[in-house]
Amino acid sequence: MASPAYEKILALQALDLSIMQLRHRHANHPIREVLDELNAERQQLDVVGAELGERHHDLERQRKRFEDEAALISDRRADIDKKLYGGEVTASKELLALQDEAASLKQQQTDLEDQELELMEQLDELSTEQGGHDQQLNGLQERIASSQAELDGQLSEIDTEIAEVEGNRNVAAADADSALVEQYEALRPLYDGVTVARLTNGSCDGCHIQLSAVALDQMIKMPEDTVVTCEECGRMLVR
Ligand SMILES: [Zn+2]
């Protein structure tokens with residue numbers, strides 16, 4: 001049985017270990033990984049969305065070009081009709097030329113209408129694709145939001161727990177022997193959680209190395225409140 005002073009340091013260490021574990025849980029919460037994956041998925045969807053948007057923009061631009069072209073043809077046809085039926089052109093050669101042009105314009109108009117129709121079909125298909133994409137994105141965003149909310153809730157619970165344990169830790173530190181606390185604090189950065197180790201059957205349970213008979217003999221002879229450290233790893237030893 002260790003001296004009460006050492007038991008208090010061990011209790012302090014146990015609280016520090018709890019805080020470390022809670023912080024670890026906070027930093028490595030599994031939902032963080034889920035969120036990383038969801039966010040990566042969203043980034044991919046954003047890229048696809050941008051591509052679809054660009055294609056839509058291109059098709060709309062093409063449609064505008066067709067419209068402008070159709071308007072020009074239509075104007076020119078009206079112009080020719082006026083000349084043909086207005087009686088101002090009488091020379092048969094000129095009339096023939098105008099009739100030829102009118103026929104050619106009509107053909108152009110038909111071709112243009114076919115192209116426009118095809119374009120509208122493409123736009124339709126693209127809109128369907130964009131709709132599906134938006135739906136996928138919305139679903140994903142909902143999942144991200146709900147995972148984030150779940151994570152926030154759980155992290156805040158851990159934060160509350162950390163604050164509680166830290167409170168207990170401060171009480172325990174104030175209650176423990178100040179010289180031991182000081183040494184413990186000084187050594188703590190060197191070890192991963194276990195700074196104070198128990199001496200069990202002659203070996204240090206920090207590094208699990210058997211102490212030499214000489215060292216053990218010296219320790220036994222020392223007053224109970226003397227701080228002893230492991231000759232191998234340097235941890236504070238509780239006898
Ligand atoms: Zn040791």
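Before moving on, here are some points about what is shown:
- On the basis of the beta-carbon distance and an R0 of 30 Å, ILE19 and GLN210 show a calculated FRET efficiency of 0.45.
- Only helices reaching 18 angstrom along their own axis (Cα) with mean Kyte-Doolittle hydropathy no lower than -0.5 count here, and for the DSSP H runs of the chain these are 4-27.
- Packing rank of 100-107, 225-232, 193-200, where each peptide gets the mean count of other beta carbons within 10 Å, highest leading: 193-200, 225-232, 100-107
- You can think of it this way: the chain between SER104 and SER178 has 16.3 nm of extra reach, that is 0.36 nm per residue less the Cα-Cα gap.
- The stretch 61-79 and the stretch 104-152 have Cα centres separated by 26 Å.
- Of all accessible heavy-atom area on the stretch 63-170, the percent that carbon and sulfur account for (1.4 Å): 46
- Cβ-based net charge around MET20, under 13 Å, with every Lys or Arg adding one and every Asp or Glu removing one: 0
- Under-18-angstrom lysine pairs by C-alpha in the chain, whenever the two are 8 or more apart or on separate chains: 4
The values are calculated or read from the model by the stated rules, or taken from the named source; none is laboratory data. Computed from a predicted structure; not experimentally measured. Cβ sites come from the backbone with ideal geometry, for glycine too, and all protein chains shown count toward neighbours. To get the accessible areas, we keep the full protein, side chains included, count just its heavy atoms, and leave off ligands, DNA and RNA. Shrake-Rupley method; radii C 1.70, N 1.55, O 1.52, S 1.80 Å.
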